[in-house]
Every structure is written in C-alpha cells, then in structure tokens.
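> Can you keep this structure in mind? I'll have questions shortly.
The values are calculated or read from the model by the stated rules, or taken from the named source; none is laboratory data. All figures in this text were calculated on a predicted structure; none of them were measured in a lab. Please note: Cβ atoms are built from the backbone with ideal geometry, for glycine as well, and neighbour counts cover all protein chains shown. Please note that ligands, DNA and RNA were not included when accessible areas were found on the heavy atoms of the full protein model with its side chains. Shrake-Rupley method; radii C 1.70, N 1.55, O 1.52, S 1.80 Å.
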Amino acid sequence: MSPADAFGDLARYYDPLMSHVNYDRWFTTALALADMLDEEPRHLDAACGTGVLAGMLRAAGWESLGADLSPAMAREARRKHPGMPVAVADLRALPFGPRFNIVTCLFDSLNFLLDEADLAQALRALHAVLEDGGLLYADFITERMVVDHFEGRDWVESNDGFQSRWASTYNKQQRLAESRVQVNTGRITTIRERIYELPRIETLLAEAGFTILGIFDADHWKAPRRKTTRIDIIAARNPAPTTRRRLQKTAKAIRQRT
C-alpha cells in the first residue's frame, strides 16, 4: 500500500460500508442524460472507487471505463468487474485526450480536493477529456449535509461480517469535514473533505471552460435550497445551442422519477 493511498485499508471493506448508498439514483440519472447525446455513450467515471456505477452502466451497454487515485480501490474495481478498464489516475491529471462524450464524477469526489487550486486543476482536467458537446455530471455535498449528519457524531456499525467505528468533526472556519473510520481493530483511516460554496464552484467551472447547463438539488432535481445536502451539476464543453433546452426536458423526466 502506498502511503498516499488514503483508501488502502478500506478498499476491501468499502462496498459493505457503503451498502446504504443509492447508486440507482446516479445510474438512472446518467441513463437519462445519455438521451441527450447524439452518439452512444463513451463514458469515463472519474474517481470511480470500486467501480459500482461504471459496472452498472457497462451492463446497460455503455462503453465505460473508470479512473481512481487509489491503487487499492482500482484493484477492487478490476476484481469486481472483470474486463472493465480501470486506470490509477489523479483527477488533476487525467491521462486521456478528449475522447469521452460523458464524464461522471460523483459521490462527492470533488469535495476530497482540499485546496481550491486542486479543485480548479481537476475541473480543467475533466474539461480536457471531454469532446465538444460532451457532458459532465458531477456532485458536491453541502455544509448542511455535514452539519445534519456528521458533525460531532460517533457511531458503530455492524457490516457484512465486520464492525466499523466512525467519528466525525467539522471545522466551520476552514470548512473541513473529517471522518475517522476503523474496521474491527485495524488501523484508523482519516477521510477529509472540503465544503465549497456554490458560487465559487460555478466560477471555477466557468474558468475551466465549462458551460453550466443546470444545478439541482440531488434529491428532487429542483433548484437547490437552504436544506439541500447534495448538489448535482450538469455542465458541458462547447455545447450545441439546443443542449440547454434538451436538459430541461431531461430534468423534467428525472423529477418525475424522484
């Protein structure tokens, strides 16, 4: 395990730890967005983790591949999804040219970039791997998510044959959330995320070259509000004039399913 591999100790436990996560929502939203494409999806799941979403989309017929910074997570993705290409790659320096027409970067992966300069660099890298007209589907958690569900909380979970202990804190001044996770009696893994304000995210997306097509509360796909805990963002590289109108139709269909 590389010292830089923050998920090295958790990778083999990760899917049971995250068994509560609603991957189906990301899956169905991605399928709906693909209806906006003029060609079959050529998809990159950036920060793919163990490859759950990419694997679901490949099973639906997509040409999907994954990329993750953690070698341990990438190994798990390859093990669980034989034949799926998975690269070990940094979000800030993705090793691809402009070959994708849809990129997903979900499960608050961009919040794991703790420095704004790193977030800006990652957005430029995501823009660079999209072809003209390509879509980015990304999300961010909000401060409301951290305060309502994690700040100052300790808890124990019984998972699939093992136990995990959690402890979370939040530094409001620095906007840094920290969770410490221990599986059984193993080493403690510390996970840190930064909360970014939406206006700053919008500015960084625009500076990276993106056209923002829509920003939604992830739970109901209407406009974000004070109680929003997760924000979905749809952006594009040099979109066609009709793309925003097509997203309005797609958003209506997504809202009807939520």
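> Could you check how many residues of the range 181-212 are outside any strand (DSSP E or B), under 30 Å from Gly161 (Cα atoms) and touching a residue at least 12 places away in the same chain (Cβ under 8 Å)?
3
> Are there any pairs with C-beta distances below 8 angstrom linking a residue in the range 143-155 that is open to solvent by less than 60 Å² (accessible area, probe 1.4 Å) to a residue that is of a type in the set (D, E, K, R) and assigned to a loop (DSSP other than H, G, I, E, B), with the two at least 6 apart or on different chains, and if so which?
Filtered contacts from the range 143-155: Glu143/Lys172; Glu143/Arg175.
> Out of all the residues in the range 6-24, is one or more in contact (Cβ under 8 Å) with a residue 40 or more places away in the chain, on the phi > 0 side of the Ramachandran plot, of a type outside the set (Val, Ile, Thr) and touching a helix residue (DSSP H, G or I) at 6+ places or on another chain (Cβ under 9 Å)?
The answer is no; no qualifying residue exists.
> Just to be sure before I move on: is Ala128 modelled with pLDDT of 95 or more, open to solvent by 20 Å² or more (accessible area, probe 1.4 Å) and within 25 Å of Ala32 (Cα to Cα) in the structure I sent?
Considered against the rule, which asks whether it is modelled with pLDDT of 95 or more, open to solvent by 20 Å² or more (accessible area, probe 1.4 Å) and within 25 Å of Ala32 (Cα to Cα), Ala128 comes out as yes.
> Okay, moving on. For residues that are in contact with a Lys or Arg (Cβ under 7 Å, 6 or more places away or on another chain) and closer than 22 Å to Pro71 by Cβ, tally how many sit in the range 12-38.
0
> Of all residues being part of a helix (DSSP H, G or I) and charged (D, E, K, R) in the range 6-29, which is most open to solvent (accessible area, probe 1.4 Å)? Just the residue, please.
For the range 6-29, the residue satisfying everything is Arg12.
> Taking the range 30-73 as the region of interest, how many residues are open to solvent by less than 50 Å² (accessible area, probe 1.4 Å) and without any contact (Cβ under 8 Å) to a residue 24 or more places away in the chain?
Summing the residues that are open to solvent by less than 50 Å² (accessible area, probe 1.4 Å) and without any contact (Cβ under 8 Å) to a residue 24 or more places away in the chain in the range 30-73 gives 4.
> Also, I was wondering about something else. Of the residues that sit in the range 240-258 and are over 22 Å from the mean Cα position of the chain (by Cα) and in a loop (DSSP other than H, G, I, E, B), which one is nearest to Gly209 (Cα to Cα)?
Restricting to residues being over 22 Å from the mean Cα position of the chain (by Cα) and in a loop (DSSP other than H, G, I, E, B), the top hit is Ala240.
> If we scan the range 160-168, do we find a residue that is under 15 Å from Thr229 (Cα atoms), open to solvent by less than 60 Å² (accessible area, probe 1.4 Å) and not basic (Lys, Arg)?
No; the residues of the range 160-168 include none that is under 15 Å from Thr229 (Cα atoms), open to solvent by less than 60 Å² (accessible area, probe 1.4 Å) and not basic (Lys, Arg).
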